[in-house]
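> Here it is, the structure in full.
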Amino acid sequence: MGRWEPNARGRLAQAAMELYSEHGFEQTTVAEIAKRAGLTERTFFRHFADKREVLFWGSAALQESLINTLDGTPESAAPIDAVAVAIEAAGAEIQQGREFSRQRQAVIDANPELQERELIKLASLSGALAHTLRRRGVTEPAASLTAEAGIAVFKVAFERWITDPKQLDFPQLIRETLDELKAATAGR
């Protein structure tokens, strides 16, 4: 193995997803992931704290993207519309990795510990959105309700996007899901 390998993180993530799909999350070791990627365990630990992090390492970047986009929306925008802009932008970023998203979700769905971790991630995203809305002057409980609704829309749209082979436009699906929520809450 060479001293420096290009795209080590990506190679490790791909190797991990392949092994998780083939053998299951619990049965896969860091040593196997590193070997499949043609790297060392030491290199693995330079990129990930543990094998769970392969599935969750993008959470901080996703949160930052959501917050930055929300911060960039006009102050005059209704809170739910501002959150919609943020989650649609996040959906556009995620859309590029649809197959990885499908594989990742299958691994998470097969493991209760990972399901719990995913729920914690979603709660953290909601908390960050609510905090940003409060900074923008949205009072409680509207800030928390709007953030929770936005994450619920994102989650439902994501599940639809990865399970429907014909649905390619994740941001459009987010808009449609939000419209369905608005219609349901309006009593139509």
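Every number here is computed from the coordinates shown, using simple stated rules; none is lab data. A quick note: this is a predicted structure, and the numbers were derived from the prediction, not measured. When we count neighbours, we look across all protein chains shown, and the Cβ atoms used for this are built from the backbone with ideal geometry, even at glycine.
> Please pull out the direction-averaged projected area of segment 49-147, using the convex hull of its alpha-carbon atoms, in nm² to one decimal place.
Details: hull surface 26.7 nm².
For segment 49-147, the mean projected area of the Cα convex hull comes to 6.7 nm².
> Shifting gears a bit: Could you calculate the FRET efficiency of Gln96 with Leu122 from 1/(1 + (r/R0)^6), where r is the beta carbon distance between them and R0 is 30 Å, rounded to 0.05? Present the calculation step by step, with values, prior to reporting the outcome.
On the way: r = 21 Å, r/R0 = 0.69.
After rounding to 0.05, the efficiency reads 0.90.
> Going through segment 82-183, which GluC sites (Glu not before Pro) have at most 14 other Cβ atoms within 10 Å and a DSSP loop state? Before the final figure, lay out each step's value.
Numbers: sites: Glu88, Glu93, Glu99, Glu113, Glu116, Glu118, Glu148, Glu159, Glu176, Glu180; in loops: none.
For GluC sites (Glu not before Pro) across segment 82-183 that sit outside H, G, I, E and B with at most 14 neighbouring Cβ atoms in 10 Å, the list is empty.
> Can you sort Leu114, Leu122 by how many other beta carbons sit within 10 Å, fewest first? Working shown, then result.
On the way: Leu114 20, Leu122 16.
The fewest-first ordering by Cβ neighbours comes to Leu122, Leu114.
> So for Thr43, Thr29, fewest C-beta neighbours within 10 Å to most, what's the order? Show your work: numbers first, answer last.
Working: Thr43 19, Thr29 13.
In increasing order of surrounding Cβ atoms, one gets Thr29, Thr43.
> How would you rank Leu55, Leu129, Leu181, Leu39, going from fewest to most other Cβ atoms within 10 Å of each one's own Cβ? List each step's numbers first, then the result.
On the way: Leu55 24, Leu129 28, Leu181 16, Leu39 20.
Placing the least packed residue first, the sequence is Leu181, Leu39, Leu55, Leu129.
> On to the next question. So how much slack lies between Ala49 and Ala152, counting 0.36 nm per residue of separation and subtracting their Cα-Cα distance, in nm? Walk me through the intermediate numbers first.
Working: separation 103, 0.36 × 103 = 37.08 nm, distance 2.85 nm.
Between Ala49 and Ala152, full extension yields an extra 34.2 nm.
> Which of the lysines could a cross-linker span from Lys155 if the Cα-Cα distance has to be under 29 Å and same-chain partners fewer than 8 positions apart are dropped?
Excluding near neighbours in sequence, the set is Lys51, Lys121, Lys166, Lys182.
> So how much slack lies between Ala77 and Glu176, counting 0.36 nm per residue of separation and subtracting their Cα-Cα distance, in nm?
33.8 nm
> Note the angle between two axes, namely the Cα long axis of helix 8-23 and the longest principal axis of the Cα atoms of the chain, as a number of degrees from 0 to 90, rounded to the nearest 10.
90
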